[in-house]
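Engineer: Below you'll find the structure I mean.
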Amino acid sequence: MVAALVAGLLSPATTAVAEQAKAQGPTRTITLVTGDRVVVDPAGALVRVDGRPGMSFAKYVQDDHQYVVPADAVEAVAQDRVDKRLFDITALVEFGYTDDRVDQIPLLDNGLRAASVAKQDAGERWKQRVRARGAGKLWLNGKSKIMLDQSVPMVGAPGAWQAGFDGSGITVAVLDTGYDQHHPELAGAVSVSKDFTPAGIQDNIGHGTHVAATVAGRSARYSGVARGASLAIGRVCEAEWCLDSAMIAGMEWAAREVKAEVVNLSVGGNASDGTDPLSLKVNELTAETGTLFVVAAGNYGERRKVSAPASADAALAVANLTKAGDLNRSSSRGPRLDDFAVKPDIAAPGTDIVAARAAGTLPDFAVDDLHARLSGTSMASPHVAGAAAVLLQRNPSWGAAEVKAALMSTVKPLADTPSNVGAGLLDVERAVKQSVRADVGSLSFGLLEFPHVRTFTRTITYRNDGAEPVSLALQHDLGASFAVPATVAVPAGGTAAVDVVLDPRKGLGTFFGHVKAVGGGVSLTTAVGAYVQEERHTLTLKLTGRDGKPAANEFVALVNLSTDEASVLTVDENGVGSVRLPVADYAVLGRIEERTPNHAWFTPVSATEVAGRASLAADVSVHVDARQATPFSVSLPDAAEVWYRQAELRVPYKPGKVNGIASIMDGRVPLFGATFGPPLPQLTYDSALKGGRPLVSVGAFPVNYFESSAFLPAGEHRLDVVERGGDVRGKLVLVRSGTDDLWTVAEAMKAAGAVAVLWVGEVPFPGPETAIPVITVAEYHVVVPPTRLTVRALAGSPVSYTLLLQDKGALPTGERRIAKSELAEVKARYSGSGGWVRQRNYPVVDGAFPAGIGALDEPLTAPVERTEYYSAGTWHHEGFDGSVSSWADLKPSTYLAGRKYERSNLKAVASPRLGRAAAVSWSQGGGVLREGDAITTRISPFGGSTWVENWTYSGYGSVELRRDDEVVGYADARQGWLHAPDRTGKYKLTLDASRDTSPLSTSVHTVWEFAAASDGALPLLEVDYVLPVDLRNSWKAGVPMPVKFTASRQAGSPAATVREVRAFASFDDGASWVPVKSIVPPGGKAGDYVSLRVVAVDADGGSVDQTVLRAYRLKA
């Protein structure tokens, strides 16, 4: 099967002074249903993808929503087997489905009932689904949003009342935030209610009460449109957002159990083509029960099309008018997404609507204790729902389609397009009184695809229920492409059909207008819409792999270079795909990977990058044959290997949105480049590489440690290789993975006496350390398993290369030999006690991380000093101190080619720090600030002069705030909010924190005294320690140690001179202290620890008194 997803992309040896890069805001992570993780910035813009090793990703934009789709999900999305909203990053952020807020991925099963998968299990569950290709469609349990005197007369309700119709005998279900059970204007109006959330039926939001009263409120001044109707209240929205599963349950209850004739939904989700779960359910229930669903069109203005479920065919979608009859600019526009059907259907007043206010809600919108003034399509929709009830009282035998058509066709015409207001302004008086009606409210010609060779006809049938024939004059504003008869005669008690004919050969583009029929006191309006597609041609793409076989089920991104819109095109099992696209030049971006049956994504046999340009002035066929591609590679000095590569192939869309192809793979996988067509200057090809001496190697073929593997002891290990099932004692066990759990296998092999596991096939996400070392290898290297291997293991690479290579306008070709002269050389020291650390680096380009590039990690054993090489530019450094803690540099480092630098990591003393990493948002720290009447504390209790704690941290503690010795409050040591409105007096902040996961800095006690008169960073002093300790943070016992202690105010606070610094040392964990000036005197013995205390006072009287127990150790 071939399918396309149409989208808008798819001093020599002295420490160098680092330039600070622009800070990024707080980032959040979203775990996809595939287990891959996407990182976004505060605005929801894509920062990077932390995907499964070796996985490629299609990244594209549709309706201003960013999508990130893994390669093994592209086909399923294209074939509609998986809800594409599961990869809609913009929507997932809006719904609150980021990892800091939920640990489950909310889903809908095939019966559209709530289900979920734990995010930690998502990767494994996805693998199971990929294997079971016959599984039903997988839906996201998304969310919809509640769409926040003169209006009732405006829609003609009083005239209908005077005619004797107020909705009596009709039930309208309002599915919303519940209702105020004690509001006098709803007394006697509610016949039944049910809660589908954990919140209870009593409305604590206010939206549902307001909507219900607009439908059927009993008030002399603020009456509902159908003041005689009964209400069935279903709570489906716990707060602002409403789960799809709750809405579906509420809809079924209202239509099937309550048998409500009308259901009002003043909620809306994302723009939809009408095939989302909510819209499908509206169509199903309407067909089954005859219930009319009246739905708010949405409050996204021109930014998004009409939302779900207003997009359903059967729904009556309502736009928002001001009381002057103009479209409110926040009202979502049509036509419907993708198929250009007429939506919205009708308009009603929804601006500054006064109706019932639930007790204790909406204080900012209160008119009085009982009423609130709100605006939105949420307020317009209940006017129409009430009108439907009134009309049904008049015509109780009518079904949903008849009521919808009657309300739409009897509107008051508006000087606006149907894509904004539908047929026009609701006029329930005319709907009730007029005896002539139309059988449809709109005619949707929809999308008419190029080429255009014939005319198209849609029919309006007018019905006359009166006793006299009626002659109607017909007119339209659709243009010369449409033909409509001048008149029509409708006999008494009969019908007459009118054909509206569109000749698409007369004009291209979108056409929206009205057909109006007037005469004999009758006025009928029908909205009409069409999109006559511009010239399009077919692009046929054939992909052939390096093995000469069709590159089955691969995908490419097709980017329109004129509009920056794009599509993701999948090819079928024959490697062929086609799609019709507008006339333009297109960038064709893709990756062809050669794989074996039991492949690991990280280690394909080869990978061919595809970057070409195709001009669609006519039908075009392109054959990309990877066998004709040009090899390219990177070689490093010192016989080092590139063992890890991230690659991003892209063209720009706009800031925060990316279209292109991204992947992560073993750096030793052979790479090729396939290009065609004219030059592509917009192309960027980023390669982020990590290399050095491999931590584990066998010589014959490349291998890797599994990311969570235990390590072999350093040295050579000559091991027999056997497969499972025999004697494995003292051997390397080859395991061809299938459904095996890697950790379980490692445990079993350890119990059987194996030395290590040689794992073949797909690898899972990292987890706890494995019981014995697990070495991964690509399947194609061990088709014939070796009988004996010499495994060479290193504790860490003595040299490291971290590179960012950016090619502009073309793919790289040939071998690129990296010379040390084009790199910065850094002497890096990692302090520690003998455990492992993980170094992590991010390139910073133009003040931000490149969108397609994530972390470049490397494990090593500390303490260690080694040489590291970096591409010239700016880098953010962070890392993990084993499983104990982690760190992040306060400032990014900017390196120049050919220069030498030094940097230290985790050097003593670890003590409280107030700064925060400039390049990332996830670090600890941030300072002590006054924010209005509050003092906020964000402290890293165990940081260093150039770093703070990061992702993970150790220890615990608290802070106490006093003012003039009176307690103000307490908070956690790392983050707190303390109510402190008084700006005078002396404040004292005391921090106490302890940890038992590190032998050093086991306890810190710090007392700050300061003034807190002004907003912003408060004048707290930070202490810096300069100690000549070794890599184990040790000093020789019995030898005096030169030291330097300084203090300065936290960044951002007013400068002040520090007039006094005093220091003390203790050799008995703080039981006794000796003064220290510039030398710590001899004391203690080898194996003991030295504690430090520093007291500093500034010229304004601010002070710090800081004690660090076991600041460093003594050695023999």
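Every read-out reported here was derived from the displayed coordinates using simple, explicitly stated rules and does not represent laboratory data. No experiment lies behind these values; they were computed from the predicted model shown. Because the Cβ atoms are built from the backbone with ideal geometry, glycine has one as well, and the counts that use them run over all protein chains shown.
Engineer: How large is Rg over Rh for segment 144-435, taking Rg from the Cα atoms and Rh as the Kirkwood inverse mean of 1/r across Cα pairs?
Structural biologist: In segment 144-435, Rg relative to Rh is 0.92.
Engineer: For segment 434-563, what's the relative contact order in percent, using C-alpha pairs closer than 8 Å and at least 6 residues apart?
Structural biologist: Relative contact order, segment 434-563: 28 percent.
Engineer: Using amide H atoms built 1.01 Å from N in the peptide plane, name the residues 5+ places from Thr952, or on other chains, whose amide H lies under 5 Å from its own.
Structural biologist: Those lying under 5 Å, H to H, from Thr952 are Ser886.
Engineer: So, one more: Quick one: what are the phi-derived ³J(HN,Hα) couplings along segment 302-308, Karplus 6.51/-1.76/1.60 with θ = phi - 60°, whole Hz, x for glycine and proline?
Structural biologist: Result, ordered by residue: 7, 6, 9, 6, 3, 8, 7 Hz.
Engineer: Over segment 911-1115, what is the relative contact order in percent, taking alpha-carbon pairs closer than 8 angstrom and at least six residues apart?
Structural biologist: Relative contact order comes out at 18 percent.
Engineer: Report the antiparallel proportion of the DSSP beta bridges in the chain as a percent, rounded to a multiple of 5.
Structural biologist: Bridges in the chain are about 75 percent antiparallel.
Engineer: Which whole-Hz ³J(HN,Hα) couplings does segment 477-488 yield from phi under the Karplus relation 6.51 cos²θ - 1.76 cosθ + 1.60, θ = phi - 60°, glycine and proline marked x?
Structural biologist: Once rounded to whole Hz, the list reads 10, 8, x, 6, 6, 10, 10, 9, x, 6, 9, 8.
Engineer: Let me make sure I get this right: for segment 703-791, a, b and c are the square roots of the gyration tensor eigenvalues over alpha carbons, sorted descending. Under 1.5 in a/c it's rounded, otherwise prolate if a/b > b/c, else oblate. Which is it?
Structural biologist: rounded
Engineer: May I pose another question? What residues qualify as long-range amide H neighbours of Glu723, i.e. H under 5 Å apart, gap of 5 or more or another chain, H built at 1.01 Å from N?
Structural biologist: Residues meeting the amide H criterion: Leu734.
Engineer: Might you report the magnitude of the Cβ-based charge dipole of segment 144-435 about its Cα centre, with Lys and Arg at +1 and Asp and Glu at -1, to the nearest 20 debye?
Structural biologist: With Lys and Arg at +1 and Asp and Glu at -1, about 500 debye.
Engineer: Before anything else, pin down the relative contact order of segment 456-532: Cα pairs under 8 Å, at least 6 apart, normalised by residue count, whole percent.
Structural biologist: It rounds to 34 percent for segment 456-532.
Engineer: Additional query: Please compare each pair in Lys891/Lys1044; Lys907/Lys1085; Lys988/Lys1077; Lys143/Lys194; Lys137/Lys404 to a cut-off of 28 Å on the Cα-Cα distance and tell me which ones are over it.
Structural biologist: Over 28 Å apart, Cα to Cα: Lys137/Lys404.
Engineer: Separate question: Sorting Asp1105, Asp244 on the 10 Å Cβ count, fewest up front, what's the list?
Structural biologist: Ordered from fewest to most neighbouring Cβ atoms within 10 Å, Asp1105, Asp244 come out as Asp1105, Asp244.
Engineer: Can you list the lysines whose alpha carbon sits under 21 Å from that of Lys731, skipping same-chain ones fewer than 8 residues off?
Structural biologist: Lys731 reaches Lys750.
Engineer: Here's something else I'd like to know. Would you calculate, for the chain, the mean residue ellipticity at 222 nm contributed by helices, counting each DSSP H stretch of 4 or more residues as -39,500 (n - 2.57) and dividing by all residues, to the nearest 500?
Structural biologist: One gets -3000 deg cm²/dmol as the mean residue ellipticity at 222 nm.
Engineer: Students often get this wrong, so try it: which of (1) 1.04; (2) 1.10; (3) 1.32 is Rg/Rh (Cα atoms, Kirkwood Rh) as calculated from the structure shown?
Structural biologist: Looking at Rg/Rh (Cα atoms, Kirkwood Rh) for this model, the match is (1).
Engineer: Let me ask something else. With the convex hull built on the Cα atoms of segment 911-1115, state its orientation-averaged projected area in nm².
Structural biologist: Spelled out: convex hull of the Cα atoms, projected over all directions, averaged, 11.2 nm².
Engineer: Can you list residues from other chains, or at least 5 along the same chain, whose modelled amide H is less than 5 Å from the amide H of Asp1069?
Structural biologist: Ser1091
Engineer: Under 20 Å from the Cα of Lys808, which lysines turn up, not counting those fewer than eight places away in the same chain?
Structural biologist: Straight-distance partners of Lys808: Lys59, Lys654, Lys657.
Engineer: On to the next question. Please order Trp1008, Trp1073, Trp126 by the number of other Cβ within 10 Å, starting at the fewest.
Structural biologist: Exposure proxy ranking, most exposed first: Trp1073, Trp126, Trp1008.
Engineer: Apply the a/c threshold of 1.5 to the C-alpha gyration tensor of segment 1011-1066 and tell me whether it is rounded, prolate or oblate.
Structural biologist: prolate
Engineer: How big is the charge dipole of the chain about its Cα centre, in debye rounded to the nearest 20, if each Lys and Arg gets +1 on its Cβ and each Asp and Glu gets -1 on its Cβ?
Structural biologist: Taking the Cα centre of the chain as origin, the dipole is about 1840 debye.
Engineer: Putting +1 on Lys and Arg Cβ atoms and -1 on Asp and Glu Cβ atoms, find which of Ala254, Thr286, Gly301 reaches farthest to the positive end of the dipole of segment 247-307.
Structural biologist: Positive-most Cα among the choices belongs to Gly301.
Engineer: Using the Cα centre of the chain as origin and beta-carbon charges of +1 (Lys, Arg) and -1 (Asp, Glu), tell me which of Gly955, Val421, Ala492 is placed farthest towards the positive end of the dipole.
Structural biologist: The one lying farthest along the dipole's positive direction is Gly955.
Engineer: Find the centroid of the Cα atoms in segment 435-472 and in segment 1025-1063, then give the distance between the two in whole Å.
Structural biologist: Here the two parts' Cα centres lie 86 Å apart.
Engineer: Another question about this same structure. Using Cα centres only, tell me the gap between segment 548-603 and segment 779-802 in whole Å.
Structural biologist: Spelled out, the Cα-based centre of one part sits 33 Å from the other.
Engineer: Net charge around Ala872, counting only other residues with Cβ within less than 10 Å of its Cβ (Lys, Arg = +1; Asp, Glu = -1)?
Structural biologist: 0
Engineer: Something else now. Provide the per-residue ³J(HN,Hα) series for segment 102-109, in order, calculated from phi with Karplus coefficients 6.51, -1.76, 1.60 and θ = phi - 60°, each as a whole number of Hz, with x at glycine and proline positions.
Structural biologist: For segment 102-109, the Karplus-derived couplings read 9, 10, 10, 9, x, 10, 10, 7 Hz, x marking Gly and Pro.
Engineer: Something else about it: Using every pair of alpha-carbon atoms in segment 395-456, split the distances into 10 Å bins beginning at 0 and state the percent of pairs per bin, rounded to integers.
Structural biologist: Calculated P(r), rounded to whole percents: 19, 42, 24, 13, 3.
Engineer: Sort the following peptides by mean Cβ neighbour count (other Cβ atoms within 10 Å, averaged over residues), highest first: 1057-1064, 398-405, 59-66.
Structural biologist: Descending packing order for the listed peptides: 59-66, 398-405, 1057-1064.
Engineer: If neighbour count is taken as other Cβ atoms inside 10 Å, put Thr874, Thr952 in order from fewest to most.
Structural biologist: Ascending Cβ contact count within 10 Å gives the list Thr952, Thr874.
Engineer: Also, I was wondering about something else. If you average the C-alpha positions of segment 501-544 and of segment 707-741 separately, how far apart do those two centres end up, in angstrom?
Structural biologist: Taking the Cα centre of each part, segment 501-544 and segment 707-741 sit 66 Å apart.
Engineer: Which of rounded, prolate or oblate describes segment 738-787 when judged by the alpha-carbon gyration tensor and an a/c cut-off of 1.5?
Structural biologist: In terms of gyration-tensor shape, oblate.
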